[in-house]
Amino acid sequence: MSKAQVLKALFESGELNVTPCCWNALSARLIEQAGFPLAFMSGFGVSASRLGQPDAGLISYAEMVDQARNIASATSIPVIGDGDTGYGNALNVKRTVKGYASAGMACVMIEDQVAPKRCGHTKGKHVVERDEAFMRIRAAVDAKNEGADILILARTDARAEHGLDEAIERAKTFREIGADMTFVEAPRTVEEMKRYCDEVEGPKMANMLEGGLTPFLQPAELQELGYAISTYPFTGLMAMIKAQQDALAQMKQGIFPDPAMSFEDLQKAVGFDAYYEAEERYRH
């Protein structure tokens with residue numbers, strides 16, 4: 001099966017898929033090494049790691065699809081790619097979907113924010129009118145139907161500006177258009193999460209951000225509500241940033257404690273074992 005087909009089977013398994021977020025090839029490889037069956041390429045993480053900038057629409061399509069290609073090449077598990085607003089009009093959306101498919105992504109997320117978009121749990125975000133939101137998803141589905149081997153995840157941020165009713169109506173229409181999965185960003189209560197799951201059919205995604213606007217629930221609770229996937233865009237990124245900050249602070253003071261891992265384990269993490277095996281195969 002293709003990665004898109006594998007992901008579709010995971011969507012429809014009836015089990016919640018805990019999905020860590022990656023931001024580069026190494027973080028994606030670590031997710032696979034840890035035994036997770038899929039990953040999510042976070043726009044927040046890519047913007048932070050590649051540009052050193054906030055997730056506020058500063059990163060371009062070319063930079064995102066390049067990162068997607070590196071991530072997909074480093075892993076064998078399916079990865080969902082953050083496609084932001086599709087980077088323009090309907091034809092741009094189609095190009096984005098086809099580009100992510102060619103890069104090796106199993107699924108692409110397209111959202112209804114006004115461009116330039118921003119992290120869904122930060123202030124100042126706005127969404128486009130319904131017609132434009134539906135146009136984006138229609139174009140994404142058309143690209144898939146024209147041969148792009150990729151699934152479509154349709155996201156709405158309408159809850160913040162127009163309330164849950166509008167967000168649910170948009171998600172319903174996204175499914176009618178042909179989206180494989182929907183995502184209502186930033187519901188504020190468990191009751192809102194339950195209502196979304198009850199009223200919108202098909203696979204749904206929950207976004208679990210430490211300190212975000214949505215209640216941070218345990219996987220069993222999310223599965224009971226009816227979610228198919230739960231993503232964690234900050235968990236790994238926070239751990240990486242804090243560990244490096246701590247190490248640098250100690251180095252600045254002239255303190256060099258025992259390393260966090262052995263050099264042998266470091267080599268394994270980045271793939272030297274596989275490289276040495278391949279090198280041996282072609283030695284003679």
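From Gly45, Gly81, Gly99, Gly57, grab the single residue that is outside any helix (DSSP H, G or I) and either crowded, with 24+ Cβ neighbours inside 10 Å or out of contact with any Asp or Glu (no Cβ under 8 Å at 6 or more places or on another chain) (or both). First the steps, then the outcome.
Working: Gly45 fails: outside any helix (DSSP H, G or I); Gly99 fails: outside any helix (DSSP H, G or I); Gly57 fails: either crowded, with 24+ Cβ neighbours inside 10 Å or out of contact with any Asp or Glu (no Cβ under 8 Å at 6 or more places or on another chain) (or both).
Testing whether each residue is outside any helix (DSSP H, G or I) and either crowded, with 24+ Cβ neighbours inside 10 Å or out of contact with any Asp or Glu (no Cβ under 8 Å at 6 or more places or on another chain) (or both) leaves just Gly81.
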Requested in this report: Considering each residue of segment 187-216, count those that are open to solvent by less than 20 Å² (accessible area, probe 1.4 Å) and more than 16 Å from Leu153 (Cα to Cα), and give that number.
Outcome: 5
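I need the full set of residues from segment 52-70 which are free of Cβ contacts under 8 Å to residues at least 60 places away in the same chain and closer than 19 Å to Asn92 by Cα, in order please.
Correct list: Leu58, Ile59, Ser60, Tyr61, Ala62, Glu63, Met64, Val65, Asp66, Gln67, Ala68, Arg69.
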Report summary line: Within segment 153-170, residues touching a helix residue (DSSP H, G or I) at 6+ places or on another chain (Cβ under 7 Å), surrounded by fewer than 24 Cβ atoms within 10 Å (Cβ to Cβ) and in contact (Cβ under 8 Å) with a residue 12 or more places away in the chain come out as Leu164, Ile168
Query - Subset of segment 238-260 that is surrounded by 10 or more Cβ atoms within 10 Å (Cβ to Cβ) and not in a helix (DSSP H, G or I) - its residue that is farthest from the chain's Cα centre (by Cα) - result: Pro259
Query raised in the report: In segment 261-284, how many are closer than 20 Å to Ala25 by Cα, free of Cβ contacts under 8 Å to residues at least 24 places away in the same chain and assigned to a loop (DSSP other than H, G, I, E, B)?
Result: 1
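The values are calculated or read from the model by the stated rules, or taken from the named source; none is laboratory data. A quick note: this is a predicted structure, and the numbers were derived from the prediction, not measured. Note that each Cβ is placed from the backbone with ideal geometry, even for glycine, and that neighbours are counted across all protein chains shown. SASA here: full protein model, heavy atoms, side chains in, ligands and nucleic acids out. Shrake-Rupley method; radii C 1.70, N 1.55, O 1.52, S 1.80 Å.
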